[in-house]
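Here's the structure, in structure tokens; my notes come after.
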Amino acid sequence: MPVYIGVDFHARQQTVSYLTSEDGEIKQQQLSHEQPAEVRRFYEQFGGQQVIVGFEASGYAAWFEELLEELGYEIWIGHATAIRSFARRRQKNDRRDAELILDLLVRGDFPRIHRHSAASREVLQQLRYRQKLVKMRTMIVNSLVFMGASRGVSLRTKLKHRRGVERLQELEWPAPLAQQRDELCQLLLELKTKVDAVESWLVAKAEADVRVQRLRTHYGIGPLTGLCLVSTLEQVERFANPRKVTAYAGFDPVEDSSAERQRIGSISKQGSRLLRFFLVEAGQVAIRQDRDLARVYQRILRRRGHATAKVAVGRRLLIRAFIMLRDEIDYAEFQRRGVAARSSRATA
């Protein structure tokens, strides 16, 4: 019998409810994250056994997952809302939550969700880091463009190149503005160096992945979009059909219907925001070359506007990428087969 450990995990502490095969007695303990040595000692006592640790999904648990991986334990991440739906009473505290998780683990009803591999987590972290750097760079560029316009100098996209930055620094401005300009220009150059370094790392990862290279045969999908697709979806066989994929990415429309009234709203946005961003951006490039996607964009543009149209194209691009990954085909083979990547709601 494996050792089951249910953990009610919080940022500063965790409440543990565990069951061993020695006496069959459920034991509990509270561990403080301010004492990492104590946490490690507690989990090391189960070494040499099959250990299954279950807890709710949390953005603060990266170090905890790394500790469990180091010890060779099996990690089960649970859906928080689904776990709570199993509670028999309305009373809620850390002890009850840990007991509930342990009970679900032992009974086999634990609502386990997919956990990304270490390689995928590393790629996704780098992609998010790049997005933060790009946002910072955009803020600085906008500030410099405004400063230049206020002094009668139109820069627009010239600041993307070192020559434009040097030209801006050559202008004579009052002392306070000149100092701000010089500091912002220095930050801009430093950010450009950092963005280039991260992108080089990501491009190298993309070139070494056959799945990403296969996706890049489709118009609009570059190395970053391909990496985000592969690292987010990972094992595509876990999705039964394209509709499951669009729901996982948050591209599925929200329905609020009752009796004769039927209302289909905007997308749920429940999945990866980063993946949706890359797909929508890639879709705007794809419609320039792909006639089918261009027709979809133009049809929805006339009825619903640009924002809805580009999201619809991004959703169809996701379905196409899923089919290409599932069937291990490139874009040319996809076109030859005439596979219809329809709306997610039209897919059985």
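For segment 1-111, just list the percent of Cα-Cα distances falling in each 10 Å bin from zero outward, please.
So the P(r) values, bin by bin, are 14, 52, 31, 3.
How far, in degrees from 0 to 90, does helix 94-107 lean away from the longest principal axis of the Cα atoms of the chain, to the nearest 10?
With rounding to tens, the tilt is 80 degrees.
Could you give the distance between the Cα centres of segment 270-295 and segment 60-101, to the whole Å?
36
Which of 158/192; 135/158; 132/244; 158/194 have a Cα-Cα distance over 21 Å?
As for pairs spanning more than 21 Å Cα to Cα, those are 132/244.
Got the relative contact order for the chain handy, in percent, Cα pairs under 8 Å and 6 or more residues apart?
12
Using Cα centres only, tell me the gap between segment 240-264 and segment 115-155 in whole Å.
First find each Cα centre; the distance between them is then 33 Å.
Would you mind computing, in nm to one decimal, how far apart the modelled labels at residue 11 and residue 134 are, each placed 7 Å from Cα along Cα→Cβ?
2.8
Using a Gaussian network model of the chain whose springs link C-alpha atoms within less than 10 Å, name the residue from 55, 86, 239 with the highest mean-square fluctuation.
Sorting by GNM fluctuation, first place goes to 86.
Given 0.36 nm per residue, what is the gain on full extension from residue 210 to residue 270 after removing their alpha carbon distance, in nm?
Extra length from residue 210 to residue 270 when fully extended: 18.8 nm.
With a probe of 1.4 Å, find how much accessible area segment 55-158 has per residue, and write the answer as a whole number in Å². Can you show the working numbers first?
Details: 6290 Å² over 104 residues.
With the other protein chains kept in place, segment 55-158 gives 60 Å² per residue.
Grab the alpha carbons of the chain, take their convex hull, and tell me the volume per residue in Å³.
223
Once you've got the GNM for the chain with C-alpha springs shorter than 10 Å, pick whichever of 217, 308, 20 has the biggest mean-square fluctuation.
Maximum fluctuation in the GNM of the chain, among the listed residues, is at 20.
For residue 27, go through the lysines and keep the ones whose alpha-carbon is under 30 Å away, minus same-chain ones fewer than eight residues off.
Those lysines meeting the cut-off are 92.
Distance from a point 7 Å along Cα→Cβ of residue 60 to each backbone N in segment 99-137: keep the residues under 19 Å and list them by number.
99, 101
What do you get for the angle between helix 306-327 and the principal long axis of the chain? Use alpha-carbon atoms, 0 to 90 degrees, nearest ten.
Around 60 degrees separate the two axes.
Using the scaling law 2.2 N^0.38 Å as the reference, what is the normalised Cα Rg of segment 94-205?
Working it through for segment 94-205, the quotient is 1.79.
Show log10 I(q)/I(0) for segment 174-310 at q = 0.11, 0.13, 0.17 Å⁻¹, two decimals, from a solvent-free Debye sum over equal Cα scatterers.
-0.60, -0.77, -1.06
Select from segment 214-261 those GluC sites (Glu not before Pro) which occupy a DSSP coil region and have at most 15 other Cβ atoms within 10 Å, ordered by residue number.
Values: sites: 234, 237, 255, 260; in loops: 234, 260.
Passing both the DSSP loop test and the Cβ count: 260.
Relative to the first principal axis of the alpha-carbon coordinates of the chain, what is the inclination of helix 118-150, with its axis defined by its Cα atoms, in degrees from 0 to 90 and to the nearest 10?
30
Return the percentage of antiparallel bridges among DSSP beta bridges fully within the chain, rounded to the nearest 5 %.
65
Percent of accessible area on the chain owned by carbon and sulfur, 1.4 Å probe?
Carbon plus sulfur share of accessible area: 47 percent.
Name the most mobile residue of 130, 320, 89, meaning the one with the largest mean-square fluctuation, in a Gaussian network model of the chain with Cα contacts below 10 Å.
Answer for the Gaussian network model of the chain: 89.
Under the 0.36 nm per residue contour assumption, what length would be gained going from the current alpha-carbon distance of residue 256 and residue 49 to full extension?
Using 0.36 nm per residue and subtracting the Cα-Cα distance, I get 69.7 nm.
Residue-wise, which Karplus ³J(HN,Hα) couplings in Hz belong to segment 46-59, taking 6.51 cos²θ - 1.76 cosθ + 1.60, θ = phi - 60°, and x for glycine or proline?
Running phi through 6.51 cos²θ - 1.76 cosθ + 1.60 with θ = phi - 60° gives 9, x, x, 10, 7, 10, 10, 10, x, 7, 6, 4, 8, x Hz.
Taking 0.36 nm per residue of sequence separation and subtracting the Cα-Cα distance, how much length would be gained by fully extending the chain between residue 80 and residue 303, in nm to one decimal?
Here the answer is 76.4 nm.
The values are calculated or read from the model by the stated rules, or taken from the named source; none is laboratory data. The structure displayed is predicted, hence computed values, not measured ones. As a convention, Cβ positions derive from the backbone with ideal geometry for all residues, glycine included, and neighbour counts pool all protein chains shown. What goes into the accessible areas is simple: the full protein's heavy atoms, side chains included, and nothing from ligands, DNA or RNA. Shrake-Rupley method; radii C 1.70, N 1.55, O 1.52, S 1.80 Å.
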